[in-house]
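Just dropping this structure here.
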Amino acid sequence: MINSNILTPRDERGVGYVFNIQHYSVNDGNGIRTTIFFSNCKLRCKWCCNPECFTKNEDVKIYTVSELINILNNQFKFFKMNKGGVTFSGGEPLLQHAFINVLSKVLYDKAINLAVETCGYFNFKRVEDVIKRLDLVFFDLKVISSDKHLFFTGKRNDLIIDNFKRITCVNDNVIVRIPVICGVNSDEYNIIETAKLVRKYSRKPKIELLPYHEYGHDKYHKLGIKCSMGDFSTPSPEYLNKLKSLIKEEGVDVVSYK
């Protein structure tokens, strides 16, 4: 067992690259949480609201495990009082597998509730122990068609679907998130086929629909990156309700953390 009060450089497995630490978050799991946004992602989703995760910019900071624990230390009692915890987000946090393995173990040993938000594109074997420690996994399944997934994200979804199947074997609390985007994945076929996949492999099948937004639009201008967000639109509340009904008809619960 790692004693978090005596972490050596070797124990820490190097450093983690983080572009934001958001305290008092209420949308990234149960209770009030601190969300750590890790840099880097293999996908290049045309609607990404966190483009700073895959660029070199001044917002990215380097932390050791002990430095992050010190930042979180004042929040521990608060987490336990309101059933909150720490959420790993990004970018893709599971790409920094060695670092997050040690960080999650330290937090797990302190009985801190742990969640992750993942795009699913990572090496499962390297993070299986991390997955087992998590109280909640938010897993993105953006587009069921591999060809469309390649067009809109730059990668096929074979690895993502395989990782979803493997995660559901070691963790019961997996919530599939679909960012619902008109012109990309809002068609009934995509939603129904995704629900069928979730129902088949998840022991507690749950889906959360996230309507498309343009909150990250200004970041592209700041970073000097071409933005495609204006090419997409948000589905109406009425249409979202229709999609939720279709999901429920497939035997999958619809949840919301927003």
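The values are calculated or read from the model by the stated rules, or taken from the named source; none is laboratory data. Quick caveat, the model's predicted, so the values are computed rather than measured. Glycine gets a Cβ as well: all are built from the backbone with ideal geometry, and neighbour counts include every protein chain shown. Keep in mind that these areas ignore ligands, DNA and RNA; they rest on the heavy atoms of the full protein, side chains included. Shrake-Rupley method; radii C 1.70, N 1.55, O 1.52, S 1.80 Å.
Treat each spin label as a single point 7 Å out from the Cα along the C-beta direction, and report the D162 to N40 distance in nm.
Here the modelled spin labels are 2.0 nm apart.
Among residues other than K77 whose Cβ falls under 13 Å from its Cβ, what is the net charge (Lys/Arg +1, Asp/Glu -1)?
For residues surrounding K77, the net value is +3.
If the only charges are +1 at each Lys and Arg Cβ and -1 at each Asp and Glu Cβ, what is the size of the charge dipole of region 74-178 around the Cα centre, to the nearest 20 debye?
200 debye
Now for a different question. With each run of n ≥ 4 DSSP H residues scored as -39500 (n - 2.57), what mean residue ellipticity at 222 nm is computed for the chain after dividing by its residue count and rounding to the nearest 500 deg cm²/dmol?
It comes out at -11000 deg cm²/dmol, rounded to the nearest 500.
How long are the semi-axes of the equivalent ellipsoid of the chain, taking √(5λ) for every eigenvalue λ of the Cα gyration tensor, in whole Å from largest down?
30, 21, 17
According to a simple spin-label model (label point 7 Å from Cα along Cα-to-Cβ), what is the distance in nm between D231 and A111?
Rounded to a tenth, the inter-label distance reads 5.1 nm.
With the radius of gyration and the Kirkwood radius both derived from the Cα set of region 83-198, what is their ratio Rg to Rh?
Taking Rg over the Kirkwood Rh, I get 0.99.
Using a basic spin-label model with each label point 7 Å from the Cα along Cα→Cβ, how many nm lie between N73 and N241?
In this crude label model, N73 to N241 measures out at 5.1 nm.
Among 87-94, 132-139, 34-41, what's the highest-first ranking by average C-beta atoms within 10 angstrom per residue?
Packing order, densest peptide first, comes out as 87-94, 34-41, 132-139.
Summarise the accessible area of the chain (1.4 Å probe, protein heavy atoms) by the percent that is carbon and sulfur.
Numbers: 6090 of 12540 Å².
It is 49 percent, rounded to a whole number.
For the chain, what relative contact order do you get, as a whole percent, if you take Cα pairs closer than 8 Å and at least 6 residues apart?
Reported relative contact order: 18 percent.
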